[in-house]
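J.: I'd like to ask some things about the structure below.
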Amino acid sequence: MADPTPSSASWLSWLADLRFAARMLAKNRGFALAALLTLALCIGANTAISSIVDRLILRSRSASRIASSKFTIAFPKPASIRCRAMLCSTWISRLT
């Protein structure tokens, strides 16, 4: 396993790998061009989709409207829950 602390030897090895990768891409220019175009197309598509989602979904309500609107949550009263449970249990008993 590699040493987790950066040392001069690991950086030199990393630079050697980077130089080797650059030489191989320079040798195979068609592959390098295809990889570069694919990467550019994917980054562009991801940016476009993220922009559309941000504009349509995330920024559909302005911050001032969200801050000024009042959110209320209405919870049912325990008595009404008990009545509904009893009503459901009588319906179920009639069905069986």
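The values are calculated or read from the model by the stated rules, or taken from the named source; none is laboratory data. Bear in mind the structure is a predicted one, so any value in this text is a computation, not a measurement. A quick note on method: Cβ atoms are made from the backbone with ideal geometry, for glycine too, and the neighbour counts reach across all protein chains shown.
J.: Run down 3, 54 and say which single residue is surrounded by 10 or more Cβ atoms within 10 Å (Cβ to Cβ), at pLDDT below 90 and not small (Gly, Ala, Ser).
T.: Checking each option against the conditions leaves just 54.
J.: Tell me, please, whether a residue that is modelled with pLDDT of 85 or more and within 23 Å of the chain's Cα centre (by Cα) can be found in the stretch 24-31.
T.: no
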